[in-house]
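To start, the structure itself, in structure tokens.
The values are calculated or read from the model by the stated rules, or taken from the named source; none is laboratory data. Keep in mind that what you see is a predicted model, and the values were worked out from it rather than measured. Counting neighbours? That spans all protein chains shown, and the Cβs are built from the backbone with ideal geometry, glycine included.
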Amino acid sequence: MIKITELEKVYRTEEVETVALNKLSIEVKEGEFVAVMGPSGCGKSTLLNILGMLDDPDDGSFVFNGIEVAHFNERKRADLRKNNIGFVFQSFNLIDELTVFENVELPLIYTGVKTAERKKRVEEVLDKVQIMHRRNHYPQQLSGGQQQRVAVARAVVNHPKLILADEPTGNLDSNNGNEVMALLTELNEQGTTIVMVTHSEHDARYSHRIIRMLDGQTVTENILI
Amino acid sequence: MFSNYFKIAFRNLWKNKAFSFINIAGLAVGMASAILILLWIQNEMSHDHFHEKADRIYTLNNRDKFNGDLWAWSSTPKILGPTVKQEFPEVEDAVRTNYSTFLLSVGDKHLNVQGYFTDTGFLNMFSFPLINGNTSTALNSINKIVITQELSKKLFGDENAMGKIIRLDSTDNFTVSGVLKDLPNNTKFDFEYLLPWSYMNKIGWNDSAWGNNSVQTYVLLKNNVSQKTFDAKVKNITIDHTKNTGDASTTQVFTQKLADQWLYSKSENGQYVGGRVETVKLFAIIAAFILLIACINFMNLSTARSEKRAKEVGIRKVVGAQKRLLILQFIGESIMLAFIAFVLAILIVELSLPGFNNLVDKKLYIDWSNTSYWLFAIAFIVFTGVLAGSYPAFYLSSYKPVKVLKGTFKASNALVTPRKVLVVIQFTFAIALIICTIIVERQIQYAQSRDSGFVRDKLVYTFIQGDVDKHYDLIRNELISNGAAVSVTKSMSPITQRYSDGWGWSWPGATEDDKKTDFVRMASDVDFVKTMGVQIVQGRDIDVYKYPTDSMAMMLNESAVKVMRLKNPVGSIINADGGEWHVVGVVKDFIYESPYEKVQQLAIMGPKSWFTTIHFKLNPANSTQKDLQLAEKVFKKYNPQYPVTFNFADESYAQKFREEKRTGTLAALFAGLTIFISCLGLFGLATYMAENRIKEIGVRKVLGASVMSITGLLSKDFLMLVIFSLIIATPIAWWAMYAWLKTYTYHIDVEWWVFVLAGLLSITIALLTVSYQSIRAAIANPAKSLRTE
């Protein structure tokens, strides 16, 4: 599903040049659950942003579902993204002014799903993450665990083929963290490909394969199953 | 999708009430100002456009050379109208109007009313609809009168006026043959009654002299006749009709479209080049700027607080929103805000219209029954929304989600940001307006303090009406003997106005060219010097009672002596208006016309000229009130039919400053509004600045910074912007005021301290605005602000 080859990304400021990705090559197959680990600054978030088409690489190739996307413009990337990719962030990133229901509904609005269908699908997914009873609450009225479940619901409501999770349990206690990991595992078992960046060895063990990065390159790959 | 946008826009507004208030209030005040000005402009631009035949109606005008310059003017000989109608097949009809004031009486009701003598075709040429009566026959015989609805109400109450009798002065009875709908607020015509021209013949007011320019003449050209061809034909009509007479004229005739007359009435080089249209343009610019300034507030506040909405933008992008959709969303939001502000603005406009009407001397109103007003309202809202929302929309929608969602996002703090540029635009305009206000005020004061050359105090005048002329000698004697007045003088016009001027005069040593020198006429029977308080510099005052030959006496002012190059003016014989006048005295120049201009050459003529006014100097031994009571008794005794109206010379002199005072008031008003709106924006910016720098302030305080130094630090940036604005505003205001002052002969110089004062004023206001937020941020407990990180 994902094949990146010799990917490069360099951040420049006036004085410093930071190599975030250094000829990185990775492949992720459909249905896989991959964890990316490594110390701060090793390039794992940059990798995730490029995979999510939020950022573009300086050099190298990125093939998504058989299409070379490395040099797509913003519009094409937005199109591809909204139909194929869901995101889960460490800091949840829900819109404060929208209710739980409206937050989850947002991706469906941008893909042009009709109102009745939207309602059905949002309710389905809220049910699945067990937050239905909170559908009319605002994010700040929820606990961290609940907020992340909403974020996961929003990530999957469009039935994406790929979920990118950036330290999804980083802001949660272990109970809530485990719940979220269980949710991701369940989604993976239903066929969704997941790439997750994490610092937690515990969380990484939920995955099929751990990619360890250092200085913009992969160092090891552990296959867990 | 739109309900989602609407929801989030509304919730954002609600959540940030202070921000929303500043934004909406600023926009509403800006919109209200712009709407008021636009109403005024719309009224000015639509003057006399409503006549159905407006595209074929022209005024006839004269053009000739005087005092070395080519002039154009719109008063014409009475004979011109009938002559063009008779001689030119292109003319479908020609109509004249002649201003008059009569005492109209119905039973015990007596009213002094102004109206026109006019030709039969008036009601057919112009679209002033009759409520009652027939446009073709309403003015077709000598004893008919057409009155406006308003006058009908004043004279007859709610009764139907048709067929009723109105007495004119105390002489003739007229039958009401038509009642006109009240005149609209966008016409130059100003009358309450119309009388048939034929009555002018009866009372001996008509003449067929080509040299007497005293009435307005309008022509209705036939379809397909172009102005240019007609102008070429009519050009020499006066010259042709006078060439074989003793009074050969050099005056050319030309047309001006009636619909253009209101805006273009200022003549330069014999052409109508400007006039009110210049004010219209100026106001249009001011309206645009005030609206822009209000929109700038919106832009600045929206982008300043954009960090708060950056996350939303990031998320929307991550879940698939394209930039285009986000731009649409934000512009939609600002249109919604503009709509709320518009509703508020309409409220402000409706509340302030009476005051504004008073200020600009108009009857403006919003005509909600007119669909074009509604269409305009929609266009105005969308325009304002797009103007205000476009920059924030592009700014916000260009955020990179990677940055905003990871929390690494920080707004730039560059030396020149669009936000700073926008604030500078606002303050430049505000400061320029402050400077203009100060200079206009100073110019008015300067002109007011100029010596008028006559004594306005206790000088009263009244117009000669009814039996006053017949009993003038008795009235004069009684005013003095009963102690109301110390001196009484008959004159041609109020001392503060010119009614008449003429040329073609000659005097010892005059050349042929001097015949083109124009003199202003005034008149006196006796005591002109004493009553008016002017100074005599040579000879004596006119006194027809002591010297009967003074009926052909003349006094000149100093300017006239200079223009005539007379070495020994007293005793000179002046040939003027077909008679020989002997000069008995010379008076010092006094201001009878514009206090901003040089005093023009003037001749005060003896009783063989004519009189319209009685001036009298009140007795200083009594109170003014007592004097007036005594005077009223005298006039009531000899002229009982007429209401007594006394006018004060100092009041009518003050009228000369009305236009400039209005300009001054409007400049002050708009300067105040601009400062208000700009400060609203500044306050909002200061609020967000204080929020954004809260951590910095905390750290500084922990390290030992004083409240003073922090307040200074926070205010400094804003101060720099205001100072920069002052630097830009100074040359702009200087140039504009220099050009304005140049239109006056007597004017102040633009002085440097005005700019310093305006600068200090705006800096103080700006500092007061930001200091509240700066001090609040500076005294906040650092422990609290640092913990929030």
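Brief remarks on what is shown
- Number of residues in segment B:507-562 that are part of a loop (DSSP other than H, G, I, E, B), within 19 Å of B:Thr489 (Cβ to Cβ) and acidic (Asp, Glu) equals 3.
- Test: residue in segment A:69-78 that is surrounded by 17 or more Cβ atoms within 10 Å (Cβ to Cβ) and either within 9 Å of another protein chain (Cβ to nearest Cβ) or under 15 Å from A:Gln147 (Cα atoms) (or both): yes
- Pairs linking a residue in segment B:570-584 that is farther than 16 Å from B:Glu558 by Cα to a residue that is in a loop (DSSP other than H, G, I, E, B) and not basic (Lys, Arg), with Cβ atoms under 6 Å and 6 or more positions apart or on different chains, are B:Ala576/B:Trp505.
- Of all residues in segment A:189-207, those satisfying the criterion of being closer than 11 Å to A:Val36 by Cα, crowded, with 17+ Cβ neighbours inside 10 Å and not acidic (Asp, Glu) are A:Ile194, A:Val195, A:Met196, A:Val197, A:Thr198, A:Ser200, A:Ala204, A:Ser207.
- Output for segment B:642-656, where each listed residue is part of a helix (DSSP H, G or I) and closer than 16 Å to B:Val460 by Cβ: B:Ala649, B:Asp650, B:Glu651, B:Ser652, B:Tyr653, B:Ala654, B:Gln655
- Residue count for segment A:208-217, restricted to those that are within 17 Å of A:Cys42 (Cα to Cα) and either surrounded by fewer than 18 Cβ atoms within 10 Å (Cβ to Cβ) or of a type in the set (Lys, Arg) (or both): 4.
- Yes/no for B:Asn206 being closer than 25 Å to B:Leu168 by Cα and either in contact with a Gly (Cβ under 6 Å, 6 or more places away or on another chain) or in a loop (DSSP other than H, G, I, E, B) (or both): yes
- Test: residue in segment B:630-649 that is farther than 25 Å from B:Phe102 by Cβ, surrounded by fewer than 17 Cβ atoms within 10 Å (Cβ to Cβ) and either aliphatic (A, V, I, L, M) or in contact (Cβ under 8 Å) with a residue 24 or more places away in the chain (or both): no
- Filtered by the rule that a residue be more than 14 Å from chain A (Cβ to nearest Cβ) and of a type in the set (Gly, Ala, Ser), segment B:283-311 gives B:Ala284, B:Ala287, B:Ala288, B:Ala294, B:Ser302, B:Ala304, B:Ser306.
- Unique match (being at pLDDT below 90 and away from every other protein chain (no Cβ under 14 Å)) among B:Thr251, B:Thr245: B:Thr245
- Of the helices (runs of 4 or more DSSP H) entirely within segment B:312-408, those holding at least 3 residues that are within 11 Å of chain A (Cβ to nearest Cβ) occupy B:323-360, B:401-406.
- Exactly one residue out of A:Glu97, A:Glu32 is acidic (Asp, Glu), within 14 Å of another protein chain (Cβ to nearest Cβ) and surrounded by 14 or more Cβ atoms within 10 Å (Cβ to Cβ), and it is A:Glu97.
- Here segment A:42-56 is the region considered, the condition is being within 13 Å of another protein chain (Cβ to nearest Cβ) and in a loop (DSSP other than H, G, I, E, B), and the residue that is farthest from A:Ile109 (Cα to Cα) is A:Asp56.
Quick grid of which residues meet (1) under 30 Å from B:Ala758 (Cα atoms); (2) aromatic (Phe, Trp, Tyr); (3) not in a loop (DSSP other than H, G, I, E, B):
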site	(1), (2), (3)
B:Pro607	no, no, no
B:Pro620	no, no, no
B:Lys637	no, no, yes
B:Pro640	no, no, no
B:Leu673	yes, no, yes
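- Qualifying residue in segment B:244-255 (condition: under 23 Å from B:Tyr58 (Cα atoms), among the hydrophobic types (A, V, I, L, M, F, W, C) and either free of Cβ contacts under 8 Å to residues at least 40 places away in the same chain or surrounded by fewer than 15 Cβ atoms within 10 Å (Cβ to Cβ) (or both)): no
- Looking only at segment B:1-24, residues that are buried (at least 18 other Cβ atoms within 10 Å of the Cβ) and either farther than 29 Å from B:Gly332 by Cβ or more than 14 Å from chain A (Cβ to nearest Cβ) (or both) come to 3 in all.
- So A:Ser25, is it farther than 18 Å from A:Val197 by Cβ, more than 13 Å from every other protein chain (Cβ to nearest Cβ) and modelled with pLDDT of 85 or more: no
- Total residues in segment A:100-130, condition within 13 Å of chain B (Cβ to nearest Cβ) and of a type in the set (Val, Ile, Thr): 6
- Wholly within segment A:110-219, helices (runs of 4 or more DSSP H) carrying at least 2 residues that are more than 28 Å from B:Leu325 (Cα to Cα) and touching a residue at least 60 places away in the same chain (Cβ under 8 Å): A:174-189, A:201-204
- Qualifying positions in segment B:704-733 - of a type in the set (Phe, Trp, Tyr) and surrounded by fewer than 20 Cβ atoms within 10 Å (Cβ to Cβ): B:Phe724
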